[in-house]
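Report on one structure; see the data block that follows.
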């Protein structure tokens, strides 16, 4: 089986997960101080930006990985669905994080839940890299050296959220700051997966 | 007509059905015991996982079926839309199941509705296999032997929900357990459709 | 420009419009008579089925039309977006129809709005056929004879809703019945556009 | 890397952004004067039409731009995601504009927010044109002369919303009028990007 339809499902699901985030941007009803109310909602905007950026970066790196996939088997489809399960769930902890970021007792479980979701996303992504690394018949031979790097990079990304979980018990806001920092790090560090992220005419999807 | 656009509609609709499930994960407003409230919602998480897994597995098997389709006719488009109708409706019984699973009198209709939806999905899927089995001009000749197996497998899956419906009258929770078990069975039993689920370079979509 | 990306936008938008309908299926909160409450909502189910069927059939016929399109120009993109505007709006009159079908004074505007939306959909679709009919350089030469038939069929479908609008002033329920009958007629009458709806190996999308 | 999957993500996200707008069309509950209530909501319909038209036109022009893209690099993916971030957010200011357009004090921030969102969309789009203009290895050589024109056109479109922002402080309704006029201008002025908007058999996507 070629990977064409898996790519279509992935792109559709990412597009929807990215867009559903907007449904949780609060729209104040019957506001009499709209400017004030909108400014007061700043945690929602930060949460929106961080989640959009995190999902967006994951899409870019997943796209890079998939561009080297020649064909797929059923087990890889299942691993991919597990990964998509976590992606699709992101709007939920995002909304909780936006709502409870400033509330003393409730910010902590919201921060733990957010970072735990991202941890699962990183682990599921690392599993995808790892499975393809172990099944070189599924990928382009020229891209094979990139896969151990991909495993490490996804694991590193996922496990960084362990720090965010631990910090959440001391300071939920600092934990959200770490979530944002992880997204920023992966946006800026692009040399991680040699041979995949640099475009080439030979890899067409 | 080639099946390209039907596949695009299917992938889009599955991606949305999978993602819309997240809208029904409850986000407690003004919670003062967020950890407790989140844990209390466990039926929502179980329902999310079971529905995501069920739709995901159906997508994998439908993908396998479609990879053998060479061209389509209008009747097959209509059968496919009927199948998609059932897929698109799944978030609704899922939300009802999550909400009423623990309520004495109301769990029963919720469990019946959930299993009945899955029964319809299985029947519509079986009809797709059956129609293609009867119209070998629409499919790859090499894949033809797989289609009677596909019919049986989809029928078996659908009819298993009859048991879930019957059990719901005695114990709604047991009925939901059967729903989960059916998903697990189909996730694990992958030898059902020989020649389709094993990847090959010649089948490209 | 090739029609590839327009098809992708169309398929995505149809998939979402079909799936968003489920968000308006009411989920009774705190019901103590769930079976009764679910049965009481029957207009929602009928509205869901009729709208899903109508959009689905329109997608099939639009798909048939597009399979003969070789390339597109900007004006055709604009006409297509107008058509998609109407498709995307369908969940709104559907929800209103489901909610007000049984209320004496309010069923009438709901029925008029529903039929008027479908009228606009038919007119926008007829315009698409007509534009392509007038620009034979955009379509496959072999399919050209089908386009005047397509114009007539889409116009007939659209204008049939004028009857539904008129009837709504006497009996809103009869008006909804006409909406359902129109969908049924187009589902069953498939000989309307010769050469397009019959699959062929030469038309690949 | 070929641009195929970026196009798929873009088309999916645009399709969803266009369709999610319908979720904010108000459905009056328990109305006893449905016709009156529906007519009273006219700002929602205007906002729906203007936002749908604006996003639709942007999609057409972005489509034209992408039809000349031969391959992409990671930086272009990031710029594209920034652009999609703004597109995905549009339903939010649209709903606020519809809700507050007629309220004395609250219309002003709603109008500013709407125009500011569109300003960001224009700037992100201009950045996309500009980046490709500076990296001619990413685009078809024959289309290169169109890219400086594209930059200017997108900048002009974006900066026109500065006027809408300024006018909002004097008259929010006039500001919304300018938003609609900008959409109308770009719908009608199509000679802006020579060589891209005219279809050709050689550019197939």
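Descriptive notes on the structure:
- Residues located in segment D:91-113, provided they are under 20 Å from residue D:155 (Cα atoms) and at the interface with another protein chain (Cβ under 8 Å from one of its Cβ atoms): D:113
- Among the residues listed as C:13, C:23, C:29, C:82, the single one being in contact (Cβ under 8 Å) with a residue 40 or more places away in the chain, closer than 25 Å to residue B:22 by Cβ and surrounded by fewer than 23 Cβ atoms within 10 Å (Cβ to Cβ): C:23
- Qualifying residue in segment B:95-104 (condition: surrounded by fewer than 21 Cβ atoms within 10 Å (Cβ to Cβ) and modelled with pLDDT of 95 or more): no
- Residue within segment C:136-143 that is modelled with pLDDT of 95 or more, buried (at least 18 other Cβ atoms within 10 Å of the Cβ) and in a helix (DSSP H, G or I) present: yes
- Residue C:167 satisfies every condition listed in (1) within 23 Å of residue C:52 (Cβ to Cβ); (2) surrounded by fewer than 16 Cβ atoms within 10 Å (Cβ to Cβ) except (2).
- Any chance residue A:103 is assigned to a helix (DSSP H, G or I) and free of Cβ contacts under 8 Å to residues at least 12 places away in the same chain: no
- Test for residue D:116: is it assigned to a helix (DSSP H, G or I), at pLDDT 95 or above, within 12 Å of chain A (Cβ to nearest Cβ) and over 20 Å from residue D:83 (Cα atoms): no
- Residues that are over 13 Å from the mean Cα position of the chain (by Cα) and away from chain B (no Cβ under 13 Å) number at least 2 in the following helices (runs of 4 or more DSSP H) confined to segment C:1-89: C:42-66, C:74-89.
The values are calculated or read from the model by the stated rules, or taken from the named source; none is laboratory data. Treat the numbers as computed from the prediction; the structure is a model and nothing was measured. For neighbour counting, all protein chains shown are included, and Cβ atoms are generated from backbone atoms with ideal geometry for every residue, glycine included.
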